[in-house]
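No value in this document is a laboratory result; all are computed from the given coordinates. Values in this document were obtained by computation on a predicted structure and should not be read as measured data. No Cβ is skipped: glycine too gets one built from the backbone with ideal geometry, and neighbour counts run over all protein chains shown.
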There are 2 protein chains.
Amino acid sequence: MSLPSAVASPAAHDAYPDDLDPRVEALVKDLIGKVADKWTLIILEVLTEHGEQRFSRLGDLVGGISQKMLTQTLRQMERDGLLIRTIHPVIPPRVEYRLTELGLSLSEAFCGVWIWAAKHLEEVDRARQAFDERAKG
Amino acid sequence: MSLPSAVASPAAHDAYPDDLDPRVEALVKDLIGKVADKWTLIILEVLTEHGEQRFSRLGDLVGGISQKMLTQTLRQMERDGLLIRTIHPVIPPRVEYRLTELGLSLSEAFCGVWIWAAKHLEEVDRARQAFDERAKG
DNA sequence: CCGTATCCTGTCCGATACTG
DNA sequence: CAGTATCGGACAGGATACGG
């Protein structure tokens, strides 16, 4: 996927696609709201990095997620077509999750955000300290 | 910002930066969790597209946000160094918000996600219908 | 092992009213 | 205009127990 090149306008406006239809825009915002969930992001990253995984391993790799939230988030992602759930009829049961093409494409779209977070971690931390200092003094 | 080129590995792993230190990884996940909030995303987009804005106009442009959430989200973003709040000492009071360089860089990182959402809106919708159909039948 | 069901607590978030 | 304060309903999300 190639991003539209930023033009030299006063405020870097045109990096975003202009969806003129306000109804479409509302839908996009709504979709963003669902898909930009913390756990969804992390699961996308884990599955991208480690490939297909079974339920419990996925939970370990994600870290700090309850079984309930893991199930819930995985269901929503499955419903949205981001991943496929495969049940192997063996004992003990074995369920594996893997990204679809759609899921992988979303993961790639989020890639820049992960890089941003890793890169600017300390800068954000400093900003917070400065803010808190000003608020306190 | 240029993304690292995806290498031809089995599952497109290496698009993500590998932060080996688990403590750093935890911090990154935490930061993602805060920054990937729905309202934060939309405010980033609005300020990127329309430039510096005052409080109420911002609320209108965002759409569907309560005054409380707007204030709250703006404060957090200011604390994180994503935007600057300028108070003009006039009557009636006039407060303007504009992105910092940091905020703009985050906005750019999210750009790909907006494009993804706009592009795959219908695909997600179809996936949901198919899923619901299977669940019902 | 992979869930679902239940309970319970905290937090989100809108509505409303009030200040400078 | 741009907030702050407070209330209250809804829901997120953890802990636990149980079922297939």
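State the three equivalent ellipsoid semi-axes of the stretch A:10-136, derived from the C-alpha gyration tensor as the square roots of 5 times its eigenvalues, in descending order and whole Å. Please list the in-between numbers first.
Numbers: eigenvalues 204, 99, 35 Å².
They are 32, 22, 13 Å, listed from largest to smallest.
Here the Gaussian network model covers chain A, with springs between Cα atoms less than 10 Å apart; of A:Glu96, A:Glu122, A:Glu108, A:Glu122 fluctuates the most.
Please compute the volume of the convex hull spanned by the alpha-carbon atoms of the protein assembly as shown and report it per residue in Å³.
Details: hull volume 43.7 nm³, N = 274.
Convex hull volume per residue, Cα atoms: 159 Å³.
When you restrict to C-alpha pairs under 8 Å that are six or more residues apart and normalise by the size of the stretch B:34-95, the relative contact order lands at 27 percent. Considering only B:Arg75, B:Arg98, B:Arg126, the mean-square fluctuation computed in a Gaussian network model of chain B, springs between alpha carbons under 10 angstrom, is largest for B:Arg126. Would you please calculate the Kirkwood hydrodynamic radius of the stretch A:98-137 over all C-alpha pairs and express it in Å, rounded to one decimal? About 12.3 Å for the stretch A:98-137. Legend: residue pairs A:Lys34/B:Lys38; A:Lys34/B:Lys119; A:Lys38/B:Lys38; A:Lys68/B:Lys136, Cα-Cα distance threshold 20 Å; pairs beyond threshold, A:Lys68/B:Lys136.
With a Förster radius of 35 Å, plug the Cβ-Cβ distance of B:Lys136 and B:Arg98 into 1/(1 + (r/R0)^6) and report the FRET value to the nearest 0.05. Between B:Lys136 and B:Arg98 the formula returns 0.10. Sorted shortest first, the separations between the A:Glu123 label point and its copies elsewhere in the assembly read 3.1 nm; each point sits 7 Å from Cα along the Cα-to-Cβ line.
Taking a quarter of the surface of the convex hull around the Cα atoms of the stretch B:19-82, what do you get in nm²?
Working: hull surface 19.2 nm².
Spelled out: convex hull of the Cα atoms, projected over all directions, averaged, 4.8 nm².
Highest mobility in the GNM of chain B, judged by mean-square fluctuation with C-alpha springs under 10 Å and restricted to B:Leu121, B:Leu104, B:Leu70, is found for B:Leu121.
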